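Coordinate-derived values only; no laboratory data. On a predicted model such as this, the values are computed, not experimentally measured, just so you know. Reconstructed Cβ throughout: ideal geometry from the backbone, glycine too, with neighbour counts over all protein chains shown.
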Amino acid sequence: MLLVDQKETKRILRELKKLMDEPEDGFRVFPIDKDFTQIHFTMLGVHDSPYEHGLYHGRILLPAEYPLKAPDIELMTPNGRWQTDVKICLTVTSFHQESWVSSWGIRTVLIGLRSMMDGSDKGGIGSIYDSKKNRKKLAKESWSYECPKCGVKHADLIDTMVLGEDGTDDSKSYSYSYSDD
């Protein structure tokens, strides 16, 4: 475990507590014990996209200098948008240190990642382009993912993240069509 400064540790703990006490509709975070260099998350696929209803697990890798330096992001579930276990190039990651603002945090990084999910950047580092049919297939398959590191099981998150707190789908049906339109 890479040690971070006590001041940075307190900030990370505050951010995590707020994210767990007031979770976003589109993602959940899962800290790894006292390892403040790696925060796991699961995000919900973007509405009205091939990723809709998919659950995508990944990790944010915080540098020892966080929040003064930008983190990295890796996705761990196959998704058809980004490679798995490869650092993704976004403006909120270390690939663009010049764009990073120290007042941003873990929530900002996850919102940025999710907003780019349905993007069409075919040339960015870590980016891939898969067919719409396969992205929909991967979204459905993502429900069975279990993280070997943090223990999160997507099957346990379906009711709250996909269906909503009341157990009903707030958006659309769960039919997955496999057309390439």
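A compact table of results
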quantity: Two-site label geometry, ILE128 and VAL101: point separation in nm, points 7 Å out along Cα→Cβ; calculated: 3.4 nm
quantity: GLU22-ASP118 FRET efficiency (beta carbon distance; Förster radius 25 Å; 0.05 resolution); calculated: 0.50
quantity: Antiparallel %, DSSP beta bridges [both residues in the chain], to 5; calculated: 95 percent
quantity: Identified option (computed Cα Rg over 2.2 N^0.38 Å; candidates [x] 1.45; [y] 1.02; [z] 1.41); calculated: [y]
quantity: Highest-first arrangement of 77-84, 27-34, where packing means the average Cβ count within 10 Å; calculated: 77-84, 27-34
quantity: Label-to-label distance, nm, for residues given as SER94 and ALA64 (7 Å Cα→Cβ offset); calculated: 1.2 nm
quantity: Candidate lysines - alpha carbon under 30 Å from LYS132, same-chain residues fewer than 8 apart omitted; calculated: LYS87, LYS122, LYS140, LYS149, LYS153, LYS172
quantity: Residue-averaged 222 nm ellipticity for the chain, from DSSP H runs of 4+ at -39500 (n - 2.57), nearest 500; calculated: -6000 deg cm²/dmol
quantity: Cut-off 14 Å between beta-carbons: net charge of the residues surrounding LYS18, Lys and Arg +1, Asp and Glu -1; calculated: +2
quantity: Among LEU61, MET161, LEU113 the positive-end extreme of the charge dipole of the chain (Cβ point charges); calculated: LEU61
quantity: Neighbour count of at most 16 Cβ within 10 Å plus DSSP loop: longest GluC sites (Glu not before Pro)-free window in the chain; calculated: 66-164
